[in-house]
Amino acid sequence: MWIGKLVAGLIGLSTGGLLGGIIGLAIGHYFDKGLENVFGSTAREDQARIQRQFFRTVFQLLGKLAKADGRVSEEEVAHTEYLMRQMGLHGEHRREAIEFFKQGSQPEFSVDEALREFNAVCGRNLNLKRMLLNYLVSLALADGELAEPEEFFLRQVAGHLGISPALFDQLMGMIKAQTRFRGYQSRDYQPGRSDKYDLDTAYAALGIPSSSTDAEVKRAYRKLISENHPDKLMGQGVPEDMIKLATERSQEIQTAYDLIKAARSI
């Protein structure tokens, strides 16, 4: 902040000369500090509100998604437990997550209302919308397949978030490919090897065709790494508890990129 120093300094200079200007700068300095405290506090309050809304919406929709195909499978329960372990949820936070999950699994839970509330608080940030969808898709794929009711639900959520069908299909393809690199080491790659960790999957994980130039590959990789950077996500309002999951996603993206680099020698 510098407005206070500028205004008070000019007033002091015009009314009291050099000494007045110095006094004015001092007064303006404290005025600016006051503004920083006010606006800084407001920003922190807004961020806390975004974090609470993101946390609540994620677990409510996870509960709704788990029930989308008529029953909550053991794999879905295990994956939700895995999410909570990865987030390091204990005590009150864990109880809240379980309660939100149960709320979402109830027949009377309104997806429309939940997403209206989410958009009202978090809707200005496209990356938060993508992160929300990312968590939901990861749960939907926990049992290794995407049931038709689950896909219908995910498309419904994407529509509420303003994500077009084309972008949804692209994100789905990328997330599916990225999850296949979980725990995989790119140093294990051997040219000519053909399995689920092949180059086609690596390109799909970055959301680009295999015909992309080296520059396009690097640009796609840097964009995805930037979107999943912990500091950036926390600044946008993703709760600190949930950053670990984004870090895992970054590792999958890194592995896919390393695989492409090894094949291209770039």
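For Val111 and Arg44, the FRET efficiency from 1/(1 + (r/R0)^6), where r spans their Cβ atoms and R0 equals 25 Å, is about 0.25. With θ taken as phi - 60° and the Karplus curve 6.51 cos²θ - 1.76 cosθ + 1.60 applied, the whole-hertz 3J(HN,Hα) list for the range 133-141 is 5, 4, 4, 5, 5, 4, 5, 4, 8 Hz, x standing for glycine and proline. Estimated at 0.36 nm per residue, the fully extended path between Asp231 and Ser210 surpasses their Cα-Cα distance by 4.5 nm.
When only the Cβ of Lys, Arg, Asp and Glu is charged (+1, +1, -1, -1), the dipole of the range 48-162 relative to its Cα centre reaches about 680 debye.
Placing R0 at 51 angstrom, the Cβ-Cβ distance between Lys102 and Ser265 gives a FRET efficiency of 0.45 after rounding to 0.05.
The packing ranking of peptides 101-113, 203-215, 152-164, 130-142, highest mean first, is 130-142, 152-164, 203-215, 101-113, where packing means the average number of other beta carbon atoms within 10 angstrom of each residue. Over 30 Å apart at the Cα level, from the set Lys102/Lys223; Lys102/Lys244; Lys64/Lys232; Lys64/Lys218, are Lys102/Lys223; Lys64/Lys218.
Read-outs throughout are calculated quantities, based only on the coordinates presented, and are distinct from any laboratory measurement. Keep in mind that this is a model prediction, so the values were computed, not measured. Methodologically, a virtual Cβ is constructed for each residue, glycine included, from the backbone with ideal geometry; neighbour enumeration extends over all protein chains shown.
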